[in-house]
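Student: One structure, as structure tokens, below. Some questions next.
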Amino acid sequence: MTLDGLQAYSSPITQTLNFLPHPAWVREDTGEERFNPVWTQWFGGPPETENWTTVLAAQDQYRVQDLQERALRTGQGFQSRVKIKTLTGGRTVQVSFAPLQGMSGCWLGLLVELAEISPASEELQQFEATLHALRVSLANSLRREDVVKAILRQMQLAFQADGCILWLKENETTFQNCDPASEEVLPEWRKQMAATGNLMLLTGDAQREFTMGEPSALEHLQDVTLTVPLMIDDQLMGVLDLQFQAGPHLMPEQHEALIMHAEYLAIVLRRVQLFEAEKHARQSSEQALKQSQILQRVTSDLFRAETADDMAKVVLEHTFKPMGIQDAALFLTDPAEQEISLVSWQGMGAAVALMGKTCPLTAHVPAAHVAYNRTPLYLSTPEDAQHIFPNTMKLPAHTQMAAKAYLPLVINERTLGVLFVGFTDRVFFEEEHRLLLENLAGQVAQAVERSHYRTKEKQLIKEREETIARLNAILDNAPIGIGVFDQEKRFETVNPRLAEYHQIPVEDHLGQTLGDLYPGTSGHLMAAQEHVLRSGMPVLNIEATTANVTGQVQSHLISYFPVKTRDGRVLGVGTTQQNITERKQVEEALRSSEHFLKHINDTVPALVYVFSLEENRITHINPGFTQVTGLTMRDLQQKNAAQLAEMIHPEDRTPMMVQAEKVLRLKDGEVLSMEYRNVHQDGRWRWLHSTQTVFSRHADGSPAMLLGAALDITERKEAEMALRESEKRFQLVANQAPVMIWMGNDEYGATFFNTSWLSFRGRTLEQELGVGWLEGLHPEDAERCETVFREAHEQGTEFQMEYRLKRFDGTWRWVVDRGIPRFTETGEFRGFIGACIDIHDRKMAETVLQESEKRLRELMEAQKRFVADAAHELRTPLTAIQGNLDILIRYQHIPEVEKKEIIGDVQREATRLGRLVHDMLQLARGDSGATMREDEIDLGRMVLETWRETERVYSSHCFVLHEVQPVRLLGDHDRLKQVVLILLENALKYTPAGGEVHLNLENQQSHALLTVQDTGMGISAEDLPRVFERFYRADKSRHRAEDPGGTGLGLPIARWVVEAHQGRIWLESELDRGTTVHVQLPIKLEESS
């Protein structure tokens, strides 16, 4: 054995030896032997010669050595009766030497003392031999199942019990029955009773402590359970129940042996417990090491991965074999858009994956769900996935996988995306499995983050290059001169425009000062540069006038500013130089145009004024102001803001005050407009359309003066009032009309509905105006109506259409709507006017007629199908009957035996023909729309009755009835019983004699679930989708057993009955394993009156 093996086995071997109450030793494959403390108590210590046989009597040493050598060669243990020499004298023992189960290369030796047994006490001899076999078996066993099996078998045999149950401690509160077929746990009162450590007798509901006494005191007891607590160090390891139909009859030696072995069994169970814990810890350590190696390889390769495809390939490459992962996909999130996209899919589903598919983070799909909640999602089975995400899991990429895991990629509370892994086999994601996957997701998240950083780095480099290119482009194409001087005031950078201004090439500027280029004329400019270098403050807008080489005078505006680092250190001086020669010329031209502007102000046909907020009065008006208001400048100088407000119509003063407050908050360039009435000096009210803006501001930015202008719109307002009066008269007439009248504008909005319309809709005019009336349009008609409206508006033509409109009582009514376009006198399209008429009754009559025609066609098709099916299926039995009868007529002297065979064939075919006719009539009734009765029935009782009737008829099969829960529902008693009979007869028909038929009925609150299961020939995957087709029977060549017959109509009839009850029926089957049929029926009861 290797050093690693010795370290792995050291702890369980030591525990095994220490727990054994007999002298024992372990022999390693290296020949090394270790002895337990009991050996030292008997013999004073380990053998000095490293050969345990030295403790044997001389006549037994060589014989046992030969047996041991043979055992080591063959791998088969041995047992032998020998004499030994102990510290207290000679003893007779049973020596056992056998390989340790579960530990390759290790052997366990055991010396068990044999008591002196009287030859006449054969029962005690057998008892002791059985217990010895138990001790030997337990000494050689470390696996839990071997220990349990030995205890149950040997203890029941030793104490001649009729039954034996072992309850083992699963956790601090639960003791589980060791029988794998049982899920029973030890009741709490039994645990408390066992914790006393006393043997107890259980008879019915009574319990008492078991003590040795007169056997006759126990003879009258029936169905007795002797409870034996298995305790060590006051710790209850388990409970052993010995069951006796009468008794128990224990001799004193058996009673003492039972108490002694109870402690011994507790020691063995403790040993097994520690061994399993050690084994689990070792497996966990190995698993952790394997997972660590996987993560190391993945991490190493992810450092070199740059794209999402690279990352998914790395994950799949390193997890395909060790973890069984068949697919790996990567989803990345877009925080700005709150979306997630599939960017890579590697593996089996790559060919059908929806690459580039994007969906919101709030969508009900697995990847979005995991990214939004930042919690992993483990789907162990396809059923789990279908239940949670039914639509997504139907996609081709998902249907190829059994188990799936979605893992969020999170870095510093930021969700970068989701890692998906898929398995072709089912995976029950244990804690260590989940930990590995989540660590794997963490490494992928870091790789994604690194990829983001690399992308950003490349982007920054690109942006820097683009910025430099832009700066060079700006310098080369700027409409002003730009330059940079160093701290010695020498040119470092000069753009072409500055070189053009100076009439000197760019390269001749570099390294020169202004003094070098313009001696004697640039002193004041260089002094400004020096000031900028010393103070760090700019010197702006220095005007300089020079003559160019042609003698033309040029004006320039020069500014100097410091060029600083981010920490404020001055590197040099920057300069901008702008040719303002044209601006100077423009300023002169503007001064010349002031007279022209004054002329416009005096002649414009609108009033213009300037209002001083500081003086609270109008400070300037144009002649148009006097024409509109009748007030001169002298009149206005005597009126403040309050007096001017009195000139406004009382109904317009409040809106004007609100307008005035808004004007004060205007930004430069913004204007406010309003229409109001102002009184003329002659007393007449004039309508004005006024526009105001901020004309000038104080140094702090607050408005100082307002500029206003207004047009006289009195004539337009009077025309509008006349138009509204006309429309009012139209509405008055329309409201008296018995049809629904509406009017719309040229922007698809409704502007009027008459009283008939509003009464029909049960809504107010305000609710219907604009697009509000569309709320009453049926959703299925909305798109069609929108198309008709749009085309009519675009073409300006009349239209007519039918659609459903919701009435005030919530019902949908068909209406016919006709709209006619409206035009102005100049031909301008202004919208539509239309009327609607309720045609619902006529429409319903048309619908009923169409449905009747459709039903008639369906009945005709059903009749054709029935005739075709009948002709096809009746031909075979009729042909067989006719052929056999022809033989009887033609050959009248054939042997009697053959005649009986022919008559038997005719009878069978006639019986089959009768079943065919009966079944086809059942389906024909279903095709013709036969209805089911709806009576309140006791489904559970009906199922049990049908089950018992069938069980009495078919004695050749094994009937297994599971739980039948009470269920009451509305349905047709005879039809539902027919379904149960069909399912049971099918199960019996296709199950060989001796096979099992199971039935279960479960009440699922809203539904009842009936399940019939058999162990018969099963249905192949090719035939399963077609079992509900009429007359369909599976291919006989696919079945090993003899064809059981049948019409092929049973399941179609069953489905017709179940679906007529709004239920569902489906099959699950596996060839040569059996079939399970599920019937789900809704639980509905009649409402009490």
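No lab work stands behind these numbers, since they all come straight from the coordinates. Computed from a predicted model, the values in this text were never measured in an experiment. Positions of Cβ are backbone-derived with ideal geometry, glycine not excepted, and every protein chain shown enters the neighbour counts.
Student: Please report the antiparallel percentage of DSSP beta bridges with both residues in the chain, rounded to the nearest 5.
Tutor: Antiparallel bridges make up about 95 percent of those DSSP assigns within the chain.
Student: While we're on this one: What is the spin-label model distance, in nm, from Glu1029 to Leu435 if the labels are put 7 Å beyond Cα along the C-beta direction?
Tutor: Result for the modelled spin labels: 5.5 nm.
Student: Now for a separate question. Within 10 Å, count the other beta carbons around each residue, average over each peptide in 940-946, 898-904, and list them highest first.
Tutor: Packing proxy ranking, top to bottom: 940-946, 898-904.
Student: So what is the 222 nm mean residue ellipticity for the chain from helices alone, if each DSSP H run of at least 4 adds -39500 (n - 2.57) and you divide by all residues, rounding to the nearest 500 deg cm²/dmol?
Tutor: Calculated mean residue ellipticity at 222 nm is -14500 deg cm²/dmol.
Student: If you count, for each residue, the other Cβ atoms within 10 Å and average over each peptide, how do 466-479, 516-529, 567-580 line up from highest to lowest?
Tutor: Answer by packing, highest mean first, reads 567-580, 516-529, 466-479.
Student: Would you kindly state how much longer the chain becomes between Lys900 and Asp425 on full extension, computed as 0.36 nm times their sequence separation minus their alpha carbon distance, in nm to one decimal?
Tutor: 165.3 nm
Student: Mind sorting Thr196, Thr714, Thr565 by how few other Cβ atoms lie within 10 Å of their own Cβ, fewest first?
Tutor: Least to most surrounded, the residues fall as Thr565, Thr196, Thr714.
Student: Between Thr521 and Lys864, 0.36 nm times their residue separation minus their Cα-Cα distance comes to what?
Tutor: 111.9 nm
Student: A further question follows. What ³J(HN,Hα) values, in whole Hz, does the Karplus curve 6.51 cos²θ - 1.76 cosθ + 1.60 give for the stretch 132-139 when θ = phi - 60°, with x put for Gly and Pro?
Tutor: 4, 4, 5, 5, 5, 5, 5, 5
Student: Once a ≥ b ≥ c are taken as the square roots of the eigenvalues of the Cα gyration tensor of the chain, is the result rounded (a/c under 1.5), prolate (a/b larger than b/c) or oblate (a/b not larger than b/c)?
Tutor: Oblate is the answer for the chain, as a/c is 1.5 or above yet b/c matches or exceeds a/b.
Student: With the crude spin-label approximation of a point 7 Å out along Cα→Cβ, what separation in nm comes out for Asp234 versus Val953?
Tutor: About 6.8 nm separates the two model spin labels.
Student: Ok, one more. Please order Phe753, Phe829 by the number of other Cβ within 10 Å, starting at the fewest.
Tutor: The order, fewest Cβ neighbours first, is Phe829, Phe753.
Student: A further question follows. By counting other Cβ atoms within 10 Å of each Cβ, how are Ser756, Ser612 ranked from fewest to most?
Tutor: Taking fewest neighbouring Cβ atoms as first place, the list is Ser612, Ser756.
Student: May I pose another question? Please enumerate, by chain and number, the lysines with C-alpha under 27 Å from the C-alpha of Lys864, excluding those fewer than 8 residues away in the same chain.
Tutor: Hits, sequence-local ones excluded: Lys854.
Student: Here's a follow-up. Over 10 Å intervals from 0, what percent of Cα-Cα pairs in the stretch 336-479 sits in each interval?
Tutor: Whole-percent P(r) values from 0 Å outward: 11, 33, 29, 11, 8, 5, 2, 0.
Student: Among Pro655, Gln681, Ser1069, which residue has its Cα positioned farthest towards the positive end of the charge dipole of the chain, with +1 placed on the Cβ of Lys and Arg, -1 on the Cβ of Asp and Glu, and the dipole taken about the Cα centre?
Tutor: In the chain, that residue is Gln681.
Student: Once you've got the Cα coordinates, tell me which of Lys728/Lys806; Lys977/Lys1084; Lys313/Lys404; Lys357/Lys458; Lys169/Lys191; Lys149/Lys191 are over 20 Å apart. All intermediate terms of the calculation are to be shown ahead of the outcome.
Tutor: Values: Lys728/Lys806 28 Å; Lys977/Lys1084 18 Å; Lys313/Lys404 17 Å; Lys357/Lys458 26 Å; Lys169/Lys191 10 Å; Lys149/Lys191 22 Å.
Where the Cα-Cα span goes over 20 Å, the pairs concerned are Lys728/Lys806; Lys357/Lys458; Lys149/Lys191.
Student: Note down the magnitude of the dipole of the chain about its Cα centre, charges +1 on Lys and Arg C-beta and -1 on Asp and Glu C-beta and zero elsewhere, to the nearest 20 debye.
Tutor: Computed charge dipole of the chain: roughly 1520 debye.
Student: Follow-up. Using per-residue counts of other Cβ atoms within 10 Å, averaged over each peptide, order 760-766, 183-189 from highest down.
Tutor: Ranked by mean Cβ neighbours within 10 Å, highest first: 760-766, 183-189.
Student: What spacing in nm lies between the two simple spin-label points modelled at Ala181 and Asn472, each 7 Å away from Cα in the Cβ direction?
Tutor: 8.9
Student: On a straight-distance basis, which lysines could pair with Lys564 in a cross-link, Cα separation under 16 angstrom, same-chain partners fewer than 8 positions away excluded?
Tutor: Excluding near neighbours in sequence, the set is Lys489.
Student: Next question, about the same structure. Among the trypsin sites (Lys or Arg not before Pro) within the stretch 277-351, which fall in a DSSP loop and have no more than 10 other Cβ atoms within 10 Å of their own Cβ?
Tutor: Here the sparse-neighbourhood loop sites are Arg304.
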